[in-house]
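Below you'll find the structure, written out as structure tokens, and then a few comments.
The values are calculated or read from the model by the stated rules, or taken from the named source; none is laboratory data. Just so it is clear, the model here is predicted, and its values are computed rather than measured. Cβ placement follows ideal geometry from the backbone for every residue including glycine, while neighbour counts extend to all protein chains displayed. Side chains included, ligands, DNA and RNA excluded: accessible areas come from the protein's heavy atoms. Shrake-Rupley method; radii C 1.70, N 1.55, O 1.52, S 1.80 Å.
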Amino acid sequence: MSVFKPLPLGRTIPDLVHAVSCSLPTIAAVRGYEEKKPEITAHLTSGYPRFVLHPYVQQLTAHYYKGLIQPGLKLWLVSSEKIASRLENYLKSETITVRFQEDGIYGIAHKDEAEINARAKSFLQHMGGFLPSRQAEDQLVKIGLLKNAAHEVLFAADSENEIKRYLLKALPDATPEDLFLAGSGMNAIYSAFKSVSEVQAKKGKTIWIQIGWLYLDTIAILKKFTSSPSDYIFISNIFDLGAIQQLLEKQGSRIAGIITEIPSNPLVQTSDVKQLSSLCRQHDVSLILDTSIASLFSVNVFSYTDVLVNSLTKYTASEGDLIAGLAAVNPKSKNASELRHLIGKFREELYPRDAARLAVEISNTEKVLTRVAENTLHVAQFLEKDTRVNSVCWALESKSKANYLAIAVSPNSVGSMITFSVNGSLDAFYDRLSFPKGPSFGMKTTLICPFMYLAHYDMVNSQEGRKELLLHGINPDILRLSVGTEPIEDIIEALNLALG
């Protein structure tokens, strides 16, 4: 009997208090979530923490609002006083803000208007600034609104030291002082971007280049936080290093940095990292590489970067119950000393209980990755041979296989991600599939979602948007599959049955 049983709408994935995903079991549910239909959102008690406020955060916000904040204001509880100041500064041109502080909890309140609410929420989403769920839980216990914190295994000694000790296995050229743990993967990316920008601006370098279609919040950071719209350049073709070389030769004196994912999300494509790094160093351009898709334990790219960033939510926190990030400074980078100082200043520190939980889970990383990669190889081969499947993208797809193998820890170190499309109806396939369905990846649990619907619903839902996606080689109806550790027979059987 298969291990996969359909999950009801809104069920947390996994079934834990601090789960980072939730069930969206049908395309209608996905659309309803994006369109904020009450009959769908009423069932969503939780979700990915940078998009959906955890119930404990909502409960604590309601408590403080009732007792301390005047009516007509919207209150956001944030991860630190530093984030509160940044949000306050971000909103100051359009609204009056009220600073909130109570018993070590910080927040910003402003006029409760839809447009301002959306701007504040997206700002906190991009930089990973919401109050962590475990911090909210601890505070609710402290003030008597919750009896006990959820039982979970926590590391008893120095959690940060233990996490770094394990990460150094994948980054042997680094020291503990080069590693900066952050409250989320996006906060690590924001901190790296902000730090490089500050270093390079002193040289008159302000332009950023995005190579390939990247994760939506990375794109948002580049678009919103570069000095001007003209300082953001998007090169769609991840393999076109000739175009990058021409750009560097023409504008290298003004280019601050390049950021790309190795491999990319959602097309799982890999650039020629060695050549890209060489071009960057010739023109004093900083290179940020995000290794989240396959994990920093699957690829050897640290020596080519100035800063490596990685979401530790993926693979290292494979139970799927916390978010965390890493920014690792290459000690051989010409700006290493300054980057260490600035990233330390800009990043949000990992909440101690999140760190204690991660320090327990991280020891399983290589075991989980090995099992996941074995399954991924089998699933990719099954999908590539099946005539009911239209397209398959994964680490060893022919277009980028050579580039990926050049930096892979081993030929089988492929991570969990496969992006594919079906020849028949997306709705019918997705609705029939018995996998857990929701955002995120890199768990022990197999997980699938119609990625572009969740990441760029406005584009998927318009004719012009769909045309633009296709122009960049992205089928709007692609499915992003994160293969888990379940028996491979059950995974293949579930896919086969759903394909009809």
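Here are some notes:
- Annotation: amide H-H contacts under 5 Å for residue 299 (H modelled 1.01 Å from N, sequence separation of 5 or more, or interchain): 409.
- When the trypsin sites (Lys or Arg not before Pro) in the range 202-263 are filtered for DSSP coil states and for at most 16 other beta-carbon atoms within 10 Å of their beta-carbon, the remaining sites are 202, 203.
- For the chain, the residue among 278, 28, 93 whose Cα projects farthest onto the positive side of the dipole built from Cβ charges is 93.
- Think of a 1.4 Å ball rolled over the protein heavy atoms: the chain then has 39 Å² of accessible area per residue.
- Prolate/oblate/rounded label for the range 316-382 (Cα gyration tensor, a/c 1.5): oblate
- Within straight-line cross-link reach of residue 142, lysines at Cα separation under 19 Å, skipping those fewer than 8 residues along the same chain: 66
- Above-threshold pairs, the threshold being 21 Å between Cα atoms, out of 164/314; 194/224; 92/121; 205/334; 121/467: 121/467
- Amide H contacts of residue 106 (H built 1.01 Å from N, in plane; Pro and chain starts excluded): 78 sit under 5 Å, all sequence-distant by 5 or more or on other chains.
- For the set 147/437; 147/345; 111/437; 36/223; 5/147, the pairs lying more than 27 angstrom apart at their alpha carbons are 147/437; 147/345; 111/437; 5/147.
- Euclidean distance of C-alpha centroids, the range 462-500 and the range 417-458, integer Å: 5 Å
- For the pair residue 254 and residue 198, the difference between a 0.36 nm per residue extended length and the Cα-Cα distance amounts to 18.8 nm.
- Carbon + sulfur, % of accessible area of the range 44-175 - ligands and nucleic acids excluded, 1.4 Å: 52 percent
- Mean separation of Cα contacts under 8 Å, 6 or more apart, over the residue count of the chain: relative contact order %: 17 percent
- The range 316-338 and the range 342-392: distance between their alpha carbon centers, rounded to Å: 15 Å
- Amide H contacts of residue 391 (H built 1.01 Å from N, in plane; Pro and chain starts excluded): 421 sit under 5 Å, all sequence-distant by 5 or more or on other chains.
- Summing +1 for each Lys or Arg and -1 for each Asp or Glu among the other residues whose beta-carbon sits under 13 angstrom from that of residue 368 gives -1.
- Scattering profile of the chain at q = 0.05, 0.09, 0.12, 0.13 Å⁻¹ [log10 I(q)/I(0), Debye over alpha-carbon scatterers]: -0.18, -0.60, -1.13, -1.35
- The range 95-226, Rg to Rh (Cα coordinates; Rh as Kirkwood inverse mean 1/r): 1.03
- Taking every alpha-carbon pair under 8 Å whose residues sit at least 6 apart, the range 360-450 reaches a relative contact order of 27 percent.
- For the range 261-380, the carbon plus sulfur part of the accessible surface works out to 46%, probe radius 1.4 Å.
- Applying the Karplus relation 6.51 cos²θ - 1.76 cosθ + 1.60 with θ = phi - 60° to the range 489-500 yields 3J(HN,Hα) values of 4, 5, 5, 5, 4, 5, 5, 4, 5, 5, 5, x Hz, where x marks Gly and Pro.
- The relative contact order of the range 258-409 comes to 26 percent, based on Cα pairs under 8 Å that sit 6 or more residues apart.
- Rounded to the nearest 20 debye, dipole of the range 150-205 from Cβ charges on Lys, Arg, Asp, Glu: 440 debye
- Hz values of 3J(HN,Hα) by residue in the range 325-338 - Karplus curve (6.51, -1.76, 1.60), Gly and Pro given as x: x, 9, 10, 10, 8, 5, x, 8, 4, 5, 10, 3, 4, 5
- Cα centroid separation - the range 192-258 against the range 111-190, whole Å: 27 Å
- Loop-located chymotrypsin sites (Phe, Trp or Tyr not before Pro) in the range 33-84 (DSSP state not H, G, I, E or B) with no more than 14 neighbouring Cβ atoms inside 10 Å: 51.
- Spread of Cα-to-Cα distances over 5 Å intervals beginning at zero, given as percent, for the range 167-207: 5, 20, 18, 20, 20, 12, 5, 0
- Total charge dipole magnitude, the chain, about the Cα centre, Cβ charges on Lys, Arg, Asp, Glu only, Debye to nearest 20: 760 debye
- The Kirkwood radius of the range 158-315, taken over pairs of alpha-carbon atoms, gives through the Stokes-Einstein law at 20 °C and 1.002 mPa s a diffusion coefficient of 135 µm² s⁻¹.
- The range 329-433: C-alpha pair distances exceeding 22 Å, %: 58 percent
- The chain: calculated mean residue ellipticity at 222 nm from DSSP helix runs of at least 4, using -39500 (n - 2.57): -12000 deg cm²/dmol
- Residue (of 498, 487, 153) at the positive-pole extreme of the chain, dipole from beta-carbon charges: 153
- Charges were assigned to the Cβ only: +1 to each Lys and Arg, -1 to each Asp and Glu. The resulting dipole of the range 15-130 about its Cα centre is roughly 180 debye.
- For the range 273-280, Karplus couplings with θ = phi - 60° (6.51, -1.76, 1.60), whole Hz, Gly/Pro x: 5, 4, 5, 4, 4, 4, 4, 4
- Prolate is the label for the range 1-119, because a/c, from the alpha-carbon gyration tensor with a ≥ b ≥ c as root eigenvalues, is 1.5 or above and a/b exceeds b/c.
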